[in-house]
Amino acid sequence: MYMCCIPIGLDQVASLDRINQTSRCPALYTIDKSTPLRPDFLEFRTNCIQVNKMSYQLSHCEQKYVESQSQKEDKSSREALEPGEIQIDGNFLSKYRKFVKLRIENEFGDESVRRLPQNLEIHMALKKLFNFLLGGRKTPIKVADELVLDLKKGDILRLPENLKIWVKTLNSERTDFEEILPILDPSCLPLETLKLENARLHNLQNLVFRTAQNVEIWGVHDEDSDDSGSESDGEDGNEEEEEEEDEQELWLSEFQKLPNKNIFIDYRLYEQARIMDLIEFWMENGKEIGTIWNFGRRPCENLFRELDTIKKEIGGAYRRVSIRNALILPLNDASQLISSQNAKVPL
């Protein structure tokens, strides 16, 4: 009876406490791997993982060589030359050994630093760390709040084999979210919220993007950022500018066709003229009732002037809606488009 109750008890223990406690007992460790792990928050960064409010960061460190008194008096054993040995261009031997260190930090800023064995390279240490925290689990890891991917181009996410993660909110930041879809448990789709800082044209065609209940777009992929070292001028430069404009127009064209009912997009990506194009597209093609798209604006921008321009160019009439005035534009006999300030913004 006692053993049957252990998985239920483990399921209620805080994720990191549970991992640390069960790792000391092989029997409990085996049971832990078959019991769902339910962290509130999970983030992958370069050579780092954060589970809830505890982060594990791997990096290189150096430690100065400590030599015995006899070595100091009789020249360093590292610098002494044996018969037949040749030193090129003077003495440039490093005075330091290189190691990999693991820095563990909690929510209060308390931290501990551990130096790992000298022969353990950082990518192998990362693999071992991920396996210790996430590996060998028989059920998907259920992230209650948010899974964050803060990775750079070229980073390798050294995840355990067959890892699956169930999540409500996926924040891919500048990572292409499509690259990590294989680790998402299919039962978590459609996502409740998808956040992107580097939205790409092909992302707009992806079913995971198009079915997400809420989408937040904070940036659009810039091909130039991938080739910042290349330069061009003359006709080649003009051709590249034309291609960039064509791709931007294609992105905007695909964006206005999205079926998502709730979208937030940062002010830098959608100017007033683009919003008027979107309104005209919806008036011509219709839009599902209950759709709310938000276009962020800086505090210094005059939103009422922007609404006046839309009214002048497209039409509509002001009407009191809830606690604010809004511009009402009829889409068809059954629905209206309401344009107002601060309808809804992400937290």
Could you rank the peptides 159-170, 189-200 by their average count of other C-beta atoms within 10 Å per residue, with the highest value first?
189-200, 159-170
List every residue whose amide H lies under 5 Å from the amide H of Val220, counting only residues 5 or more places away in sequence or on a different chain, with H placed 1.01 Å from N in the peptide plane.
Ala199
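Laboratory data are not the source of any read-out in this text; all were calculated from the coordinates shown. Since the model is a prediction, treat every value here as computed from it, not as a measurement. As a convention, Cβ positions derive from the backbone with ideal geometry for all residues, glycine included, and neighbour counts pool all protein chains shown.
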